[in-house]
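The values are calculated or read from the model by the stated rules, or taken from the named source; none is laboratory data. Computed from a prediction, not measured in an experiment: that's the story for all the values here. Here Cβ is always computed from backbone atoms with ideal geometry, including for glycine, and neighbour counts include all displayed protein chains. Surface accessibility is based on the protein's heavy atoms, side chains included, excluding ligands, DNA and RNA. Shrake-Rupley method; radii C 1.70, N 1.55, O 1.52, S 1.80 Å.
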Amino acid sequence: MAETPYLVVVDDEPAVRVAVARDVRQKYGDDYNVVDFTGGNEALDGLKQLHLQGDRVALILADQRMPEVTGVELLEASRDIYPDARRALLTAYSDTDAAIAAINKAGVDYYILKPWEPPEERLYPTLDDLLERWEGAYVMAYEGVRIVGARWSRDFHDLQAFLIRNQVPFSAMDIDSDPGAGRLLTAAELDPVKLPVVLYADGTNQVQPSTAELAAQLGLAGEPTRPSYDLVIVGGGPAGLAAAVYGASEGLSTLLLEREAPGGQAGQSARIENYLGFPIGLSGADLARRAVTQARRFGAELWVGVEVESMKVEGPFKTLVLTDGRELTSQAVVVATGVSYRKLDVPGCEALTGAGVYYGASQVEANIHRDEDMLILGGGNSAGQAAVYLAGFAKTVTILVRAATLEETMSQYLVDDLGQIPNVSVRTEVEVTAVHGENRLEAVDIEAVGGADAETVQAKALFIFIGQAPRTDWLDGQVMRDSADFILTGADCGSRPTGWTLSRQPLALESSLPGVFVAGDVRHGSIKRVASAVGEGAMAVRMVHEHRAGP
């Protein structure tokens with residue numbers, strides 16, 4: 001077995017194959033083994049041999065027009081051998097229809113048009129992105145950060161989810177099933193009762209840390225680099241990340257605060273398929289990673305694992321008080337705290353959260369419940385995206401919805417996608433009334449809307465997506481909110497909100513408190529889409545400039 005992963009190039013035309021392999025080897029040969037094959041059948045035989053040897057394959061780049069086995073057919077067949085490898089199709093402009101079909105049929109990640117010269121512009125950027133995504137997903141083998149805990153512990157689950165969402169490599173060890181876990185704790189002189197424990201490569205450890213303490217240890221939480229900022233953004237979802245990119249790029253000293261992980265709720269989406277400019281779609285984690293890199297390149301500071309407790313107003317300045325007691329001062333604030341999934345208020349649910357009951361669906365839960373029957377409660381796009389993702393891990397996925405049809409609440413493209421997945425089914429006009437289990441979820445009570453036809457079904461995993469609750473408690477009494485606690489902005493605040501001190505009226509994305517702007521899902525009347533949240537984040541920065549310029 002070779003430690004270095006492989007990049008595979010496939011083309012039946014010798015001159016093209018040699019040229020592509022040369023360009024790939026020139027850029028990536030120091031970090032990857034680059035191999036090339038003369039056709040689809042030879043490539044499949046080669047991939048099988050690499051798999052038998054235990055070698056890793058990061059990327060397969062195949063030409064579309066090959067006899068016997070086309071590029072699309074090869075890439076589709078390769079999924080059974082290397083499901084985690086990234087796939088790209090090399091194709092002529094006239095074959096773009098085949099490339100688009102490959103996205104849906106063969107799980108192709110991207111297509112590259114011929115000619116690809118110069119590779120610095122037309123080949124390497126795409127391959128860089130695909131390889132970065134592959135490396136980001138290949139985290140479980142890394143031993144630098146290790147977590148020891150009980151498999152069905154909520155704290156153990158939450159720490160793993162936090163690390164995955166922040167793309168921190170780690171390995172997890174179950175104290176009950178992994179003999180090495182106990183030996184590790186003994187060597188570190190740690191109490192096996194006090195779990196979870198996080199151990200680091202330098203020999204230090206944390207016992208039962210909160211996610212905030214974990215973030216601080218990993219350097220995700222920061223310290224102020226200046227006494228005051230031009231702009232502080234609260235919330236790191238698409239709206240907040242967009243505000244950070246535009247604020248920093250336009251010369252504002254910009255700080256973004258995120259309590260969990262960049263990407264917000266959208267960051268948990270397995271694939272966002274209707275975001276402009278990404279015809280193959282992209283995952284929420286990919287979107288967050290790109291945006292974080294972009295914001296930092298422009299000089300924005302991003303702190304993770306920190307939460308705002310309250311805000312004080314002193315003249316034109318806003319002071320944000322963090323839960324750890326620190327204070328940050330800014331002339332303008334963009335509130336982009338987004339929404340959380342509403343809790344399911346039925347017997348047994350709270351006790352089993354993190355132990356079979358989950359809000360959102362990440363790689364942690366997918367791996368824990370691989371080859372099991374899974375239930376998804378909810379009929380919105382988040383539920384649909386989770387079903388598509390989890391279907392690749394589960395034995396079966398059953399979507400439970402109150403509505404009569406999925407079309408009432410879910411985008412049509414997702415409804416169509418779900419209809420093509422054989423292990424996904426839908427039960428309409430039903431609701432969950434209770435969940436059962438000792439240390440983990442064992443069964444779920446389901447009944448028809450209205451209370452008829454109750455039944456108990458065996459289940460190991462229940463994923464809940466039942467509506468949205470805005471995160472605005474920390475602004476209670478300071479800004480105007482609607483009856484559901486979403487923040488009012490612009491004309492919805494009235495021409496002269498109570499306490500308004502400026503001669504002008506509130507700007508379109510400005511709250512009833514001058515200098516406090518709102519973007520994304522947390523805003524009253526917002527469109528709950530990633531693209532609109534990004535647009536509002538950019539617009540909010542434009543209005544920050546207007547506010548700073550004075551009346």
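Residues in region 445-467 that are in a strand (DSSP E or B) and on the phi > 0 side of the Ramachandran plot: Asp453 alone.
Counting only residues that are in a strand (DSSP E or B), in contact (Cβ under 8 Å) with a residue 60 or more places away in the chain and open to solvent by 20 Å² or more (accessible area, probe 1.4 Å), region 427-444 holds 2 of them. Of the residues making up region 379-414, those that are β-branched (Val, Ile, Thr) and either open to solvent by 20 Å² or more (accessible area, probe 1.4 Å) or assigned to a loop (DSSP other than H, G, I, E, B) (or both) are Val388, Thr396, Thr398, Val401, Thr405, Thr409. Among the residues of region 24-71, those identified as open to solvent by less than 20 Å² (accessible area, probe 1.4 Å), under 19 Å from Tyr82 (Cα atoms), in a helix (DSSP H, G or I) and among the aliphatic types (A, V, I, L, M) are Ala43, Leu47, Leu50.
Within region 470-501, being hydrophobic (A, V, I, L, M, F, W, C), open to solvent by less than 30 Å² (accessible area, probe 1.4 Å) and not in a loop (DSSP other than H, G, I, E, B) holds for Leu475, Ile487, Cys493.
Which of the numbered conditions does Ala540 fail, given that it passes all the others? Conditions: (1) within 30 Å of Thr433 (Cα to Cα); (2) in contact with a strand residue (DSSP E or B) (Cβ under 6 Å, 6 or more places away or on another chain). With respect to (1) within 30 Å of Thr433 (Cα to Cα); (2) in contact with a strand residue (DSSP E or B) (Cβ under 6 Å, 6 or more places away or on another chain), Ala540 is out only on (1). Taking first residues from region 282-305 that are under 21 Å from Val530 (Cα atoms) and partners that are in a loop (DSSP other than H, G, I, E, B) and of a type in the set (A, V, I, L, M, F, W, C), the Cβ contacts under 8 Å between residues at least 6 apart in sequence or on separate chains come to Ser283/Ala270; Gly284/Ala270; Ala288/Ala261; Val304/Leu220; Val304/Ala221; Val304/Ala261. Here the condition is being crowded, with 21+ Cβ neighbours inside 10 Å and of a type in the set (A, V, I, L, M); of Val457, Val424, it holds for Val424 alone. The selection criterion, being under 15 Å from Arg271 (Cα atoms), of a type outside the set (Lys, Arg) and under 17 Å from the mean Cα position of the chain (by Cα), holds for Ala387. Selection of region 1-23 for residues being open to solvent by less than 50 Å² (accessible area, probe 1.4 Å), outside any strand (DSSP E or B) and aliphatic (A, V, I, L, M) yields Ala2, Val16, Ala19, Val20, Ala21. Which of the residues that make up region 156-211 are closer than 24 Å to Gly237 by Cβ, small (Gly, Ala, Ser) and in contact with a helix residue (DSSP H, G or I) (Cβ under 8 Å, 6 or more places away or on another chain)? Passing the criteria: only Ala161. Does Gly419 satisfy the criteria of being of a type in the set (Gly, Ala, Ser) and buried (at least 21 other Cβ atoms within 10 Å of the Cβ)? Here the answer is no, as Gly419 does not meet what is asked.
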